[in-house]
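The values are calculated or read from the model by the stated rules, or taken from the named source; none is laboratory data. What you see is a predicted model, and the numbers here were worked out from it, not measured in a lab. Methodologically, a virtual Cβ is constructed for each residue, glycine included, from the backbone with ideal geometry; neighbour enumeration extends over all protein chains shown. Side chains included, ligands, DNA and RNA excluded: accessible areas come from the protein's heavy atoms. Shrake-Rupley method; radii C 1.70, N 1.55, O 1.52, S 1.80 Å.
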Amino acid sequence: MKQQSLSESQLIQLDTLKELVKARFSGHGADHDWYHIERVYQLAIFLQSKEGGDLMLISCASLLHDISDHKLNGGILNDGGNVTRQILNDLGHDVEFAAKVAEIVDGVSFKGAGVPDEVTSLEMQIVRDADRLDAMGAIGIARAFHFGGSRNRPFFSPNQLPTQHTTFEAYSSDKSHTMNHFHEKLLLLKDRLHTQAAKEIGERRHQLMENFVEDFYRDWNFAGEN
Ligand code: ADP
Ligand code: NI
């Protein structure tokens with residue numbers, strides 16, 4: 001066990017941050033609401049207990065990782081770090097700590113199948129793994145269809161094939177059907193997890209998505225045999 005404990009004052013700082021993030025996420029859709037942040041936070045704390053890393057840094061970065069998502073901020077990419085610095089400075093954290101959290105927040109997102117992940121630290125790996133695990137499995141499937149539904153997209157359209165996006169801009173502006181998202185991101189996540197602990201959790205979540213996708217196409221193409 002590599003669990004760390006936080007001081008009384010760090011716990012108070014985290015409680016304040018949780019309340020602030022919770023308030024900012026009220027009214028967000030189920031693909032990206034406070035419950036997503038809470039699940040990622042819990043996963044990140046679990047991964048820290050297995051893998052090590054700075055618990056306060058991981059806690060703050062997981063709580064802030066979606067604080068300024070391009071899908072919700074009017075389309076600005078990579079703005080999370082700026083908002084993070086501002087929030088942490090306002091809450092009285094020192095500038096150096098805020099910069100470390102901001103660096104993680106800017107590095108967490110999946111930016112396209114053809115865009116390599118840049119990794120700078122174990123803490124970055126852990127927060128990214130936690131966010132990716134919540135995009136996988138049963139909850140990942142639910143989030144994907146909620147996302148597509150909220151934009152009135154079809155589940156699937158046979159003539160629109162998946163794309164291997166090579167830039168974040170291309171990935172984030174793609175508007176195709178929801179099944180494509182499985183091939184463009186969700187089924188790729190298993191091999192883009194960093195830590196051993198996340199890979200173990202990811203295996204079952206990946207298998208469930210594989211089975212789901214296979215059954216989806218079988219049912220779609222139903223031809224009288226099951
Ligand atoms: P995360 O919070 O994991 O960084 P994103 O911000 O990319 O994920 O997206 C939020 C949720 O919506 C995730 O579960 C993601 O898989 C899903 N999602 C993103 N883009 C699409 C899409 N084009 N179609 C369906 N689901 C999507
Ligand atoms: Ni997220």
- Task: Go ahead and estimate [θ] at 222 nm for the chain from helices alone: -39,500 (n - 2.57) per DSSP H run with n ≥ 4, summed, over the residue count, rounded to 500.
- Result: -19000 deg cm²/dmol
- Item | Proximal lysines to residue 111, defined as alpha-carbon separation beneath 24 angstrom and excluding residues fewer than eight positions away on the same chain | 71, 100, 175, 185, 190, 199
- Want the number for residue 164 to residue 26: 0.36 nm per residue separation, take away the alpha-carbon distance, what's left? 46.3 nm
- Item | Relative packing of 44-50, 215-221, 17-23, which averages over residues the other C-beta atoms within 10 Å, highest first | 44-50, 17-23, 215-221
- Solution diffusion estimate, µm²/s, Stokes-Einstein, region 107-194, Kirkwood Rh from C-alpha pairs, 20 °C, viscosity 1.002 mPa s: 158 µm²/s
- Rounded to the nearest 20 Debye, what is the dipole magnitude of the chain about its Cα centre when Lys and Arg each give +1 and Asp and Glu each give -1 at the C-beta? 380 debye
- Solvent-accessible area per residue for region 1-87 at a 1.4 Å probe radius, Å²? 48 Å²
- Are there GluC sites (Glu not before Pro) in region 133-226 that DSSP puts in a loop and that have at most 15 other Cβ atoms within 10 Å, and which ones? 225
- Item | Listed residues 159, 144, 213: farthest to the positive end of the dipole of region 8-220 (Cβ charges) | 159
- Query: If you place +1 on the Cβ of every Lys and Arg and -1 on the Cβ of every Asp and Glu, how big does the dipole about the Cα centre of region 111-226 come out, in debye to the nearest 20?
  - Reply: 260 debye
- Message: Restricting things to Cα coordinates, could you compute the convex hull volume per residue of region 147-226 in Å³?
- Response: 117 Å³
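Of the listed peptides 149-155, 81-87, 161-167, what is their order by residue-averaged count of other C-beta atoms within 10 Å, with the highest listed first?
Packing order, densest peptide first, comes out as 81-87, 161-167, 149-155.
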- What relative contact order, as a whole-number percentage, does region 8-220 give when Cα pairs under 8 Å and 6 or more residues apart are counted? 20 percent
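Could you state the per residue volume, in Å³, of the convex hull enclosing the Cα atoms of region 8-220?
It is 112 Å³ per residue.
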